[in-house]
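*Asks:* I'd like to ask you about the structure that follows.
The values are calculated or read from the model by the stated rules, or taken from the named source; none is laboratory data. Computed from a prediction, not measured in an experiment: that's the story for all the values here. Cβ atoms come from the backbone with ideal geometry, glycine included; neighbour counts cover every protein chain shown.
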Amino acid sequence: MGEHEATTAGVESGHKKRTGLGPDDRNLSSEQLFAMAKPVPMPPSPFAPPEPPASAGELPVLEGCTAAQLVRGDESELAGVLQARCLGRYVVSIAGELWQYDPDRRGWWRIPEERAMSWVSRLAGARILAGTDRSGTEKTKSLRVSSSMARGAVNLARASHHWPEERGDFWTGQQVRGYRRGIAQFRDAAVIVTQTGAGQLSVTEDVPKPEHRVRAVRVLPCRWQGVPAMSDLPARCPALWRVHREWWGHHGPEEAYRRLLAVLEFFGATVLGFAPTMARAMFLYGPGGTGKSTLIQLMTRWCQPSAVASVTPQDMGINRFAPARLDGALMNVVDDLPADAIMDAGVWKSAITGGRIDIERKGRDGYGIFPNAGHLYAGNRLPTAVRANSGFWRRWLVVHYDRVFHGTTQDRPIIEELMGEMDWLMAFAVAAFLQTGGAGGRGYTEPDCHAAVMQEWNDVSDSVSAWHREAVEPVPTETPKTIWPKRSDVYRSYRTWCQESGRHPVSAQEWCSRMADLGVEFVKSRGHWRSSVEQRVEV
């Protein structure tokens, strides 16, 4: 397919012919929209898997035989039948699970072991060649399939399609000259965004196909409208435009638009699989009754429910099974972020940046994944980050909600009205992300509220920074380094301050690292490590 052009009339008309969906299909859940969006009967797809036999009677007779359908009837032969009659060409085994491409689902779906075993069990009763009698007449016997035999056949099929980790992550988009490639799979088109250079993105469209390696649960239940101009947002999405002014308009139209743009950029990166490249989680912060839940409900209804995980940063650090829920997720959404302390953010930062995470599932061998979900959190309290460093703080993008609607005349249900604009909302999300150029880190639009909330968050959670700001001061420049305060004495004063103020102290090693980030110098003199700051003397 060629480069995408911002024309949508052909896409709209083609979609309506295939699905019968129009812009007035409101008041529908994502499951209902997904079901309605199934195309009318079309010619068989070249990617369609074979239809599993309903019974052994559908197996053909072996060539040269009169009744025998199988030669040996062992697990190896049954695995071959499973491959030829059920799995087809487009199948792969990843971390002990079989995946098959299904054109009706527009993506790859995981075949449960029980389903595959049931396909094998349908072969029970097939005629197995048992030689010939003295007269040369063919003898056969009936196949018996036990559960262990069915499981053995499935395991052999898995082994023949195993995707080794040495080949990389099967689901990761293909890289072009080292740049990332992301795909948003709609019902009627695959939208492919490729980095062609630093801060440069190109967009192409293609038909859904196995080579895109999109999981079926990540297929978006709406049609592709093309890449619109952001100036058309008020006309195409009047409900969203009105609502964003109600949420944030009291801060001025420019700040309100920057907050809306940040939300759209984040979601565009998420659906395209570029969230790890942007490497930031979004936090909707503010009191209850301000509209945070409405936005979260809207964003999660844009995708299939099974593509949404819910894992808190706190859980990732203490529960070794929690990160497994990120495997294959399109979004990780926590609608009420706990105020409990985030004790260890290491796994969370890897999840944000798309680094490898070794996950475990109960009763199964562990394996590694490269999660690419977008992380969306909401809360009315700022959790304490005990071991947070600069790498933790720069992974956040905060949008502040401070106008309370609950109990006022403007408190009304608006989600269904917004859902009526779902197709165009998705298109503007992609368009907003394309404007960022895919530049990680600071690529997102930062509203003015971000810096203010981050400073507040740093104050309430970072005990080292708060202590450094409130309780110490630099040693006078004329003071020789040989008589600077001992580092151990300065750290002891920090722990005393934490105890008196009810904060969580960090370890001495972590404290040294964080103080270095704040520009504090440590030198070794006269057998002791010494610090360039000292306890502030109150006058």
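Every residue, every condition in (1) under 22 Å from Leu337 (Cα atoms); (2) of a type in the set (Ser, Thr, Tyr); (3) touching a helix residue (DSSP H, G or I) at 6+ places or on another chain (Cβ under 6 Å), yes or no:
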| site | (1), (2), (3) |
| --- | --- |
| His244 | no, no, yes |
| Pro253 | no, no, no |
| Arg258 | no, no, no |
| Phe274 | no, no, no |
| Met282 | yes, no, yes |
| Pro287 | yes, no, no |
| Arg301 | yes, no, yes |
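*Asks:* Looking for whichever is modelled with pLDDT of 50 or more, crowded, with 16+ Cβ neighbours inside 10 Å and charged (D, E, K, R) here; the options are Glu77, Glu58, Glu63. Which one fits?
*Replies:* Sole residue among the options that is modelled with pLDDT of 50 or more, crowded, with 16+ Cβ neighbours inside 10 Å and charged (D, E, K, R): Glu77.
*Asks:* Right, something else. Restricted to the range 149-197, and to residues that are of a type in the set (D, E, K, R) and at pLDDT 90 or above, which residue is surrounded by the fewest Cβ atoms within 10 Å (Cβ to Cβ)?
*Replies:* Among residues in the range 149-197 that are of a type in the set (D, E, K, R) and at pLDDT 90 or above, the one surrounded by the fewest Cβ atoms within 10 Å (Cβ to Cβ) is Arg151.
*Asks:* Please list, ordered by first then second residue, the pairs with beta carbon atoms under 7 Å, 6 or more apart or interchain, first in the range 219-242 and closer than 30 Å to Asp104 by Cα, second assigned to a helix (DSSP H, G or I) and among the polar types (S, T, N, Q).
*Replies:* Note: pairs meeting the criteria are Pro221/Ser30.
*Asks:* Here's another thing I want to ask about it. Tell me, which strands (runs of 3 or more DSSP E) wholly within the range 367-486 include 3 or more residues that are closer than 30 Å to Asp188 by Cβ and at pLDDT 90 or above?
*Replies:* 374-379
*Asks:* Taking only the range 472-490 into account, find how many residues are surrounded by fewer than 18 Cβ atoms within 10 Å (Cβ to Cβ) and either within 30 Å of Ala269 (Cα to Cα) or not basic (Lys, Arg) (or both).
*Replies:* 11
*Asks:* Then there's this: Where residues in the range 248-273 are assigned to a helix (DSSP H, G or I) and small (Gly, Ala, Ser), which of them is farthest from Trp171 (Cα to Cα)?
*Replies:* Gly249
*Asks:* Another question about this same structure. Inside the range 42-92, can you point out the residues that are on the phi > 0 side of the Ramachandran plot and free of Cβ contacts under 8 Å to residues at least 60 places away in the same chain?
*Replies:* Residues satisfying the conditions are Gly64, Gly88.
*Asks:* Residue by residue through the range 417-433, note down the ones that are of a type outside the set (Phe, Trp, Tyr) and either on the phi > 0 side of the Ramachandran plot or surrounded by 19 or more Cβ atoms within 10 Å (Cβ to Cβ) (or both).
*Replies:* Leu418, Met419, Glu421, Met422, Asp423, Leu425, Met426, Ala427, Ala429, Val430, Ala431, Ala432
*Asks:* Go through the range 130-148 and count every residue that is buried (at least 19 other Cβ atoms within 10 Å of the Cβ) and either within 30 Å of Pro46 (Cα to Cα) or out of contact with any strand residue (DSSP E or B) (no Cβ under 6 Å at 6 or more places or on another chain) (or both).
*Replies:* Total satisfying the criteria: 1.
*Asks:* Can you name every residue in the range 465-501 that is within 14 Å of Cys512 (Cα to Cα) and either outside the structural domain of Ser513 (by TED's automatic domain parsing) or not β-branched (Val, Ile, Thr) (or both)?
*Replies:* Ser465, Trp467, His468, Lys486, Arg487, Ser488, Asp489, Tyr491, Arg492, Ser493, Tyr494, Arg495 - these are the residues of the range 465-501 that are within 14 Å of Cys512 (Cα to Cα) and either outside the structural domain of Ser513 (by TED's automatic domain parsing) or not β-branched (Val, Ile, Thr) (or both).
*Asks:* Can you pull out every residue in the range 98-113 that is surrounded by fewer than 21 Cβ atoms within 10 Å (Cβ to Cβ) and either farther than 13 Å from Ala157 by Cβ or without any contact (Cβ under 8 Å) to a residue 40 or more places away in the chain (or both)?
*Replies:* Within the range 98-113, Asp102, Pro103, Asp104, Arg105, Trp109, Arg110, Pro112 meet the criteria.
*Asks:* Further question: Checking the conditions here, which among Ser293, Ser202, Ser231 is out of contact with any helix residue (DSSP H, G or I) (no Cβ under 7 Å at 6 or more places or on another chain) and under 23 Å from Ala373 (Cβ atoms)?
*Replies:* Ser293
*Asks:* In the range 415-460, how many residues are aliphatic (A, V, I, L, M), over 16 Å from Thr277 (Cβ atoms) and touching a Leu at 6+ places or on another chain (Cβ under 9 Å)?
*Replies:* Final tally of qualifying residues: 9.
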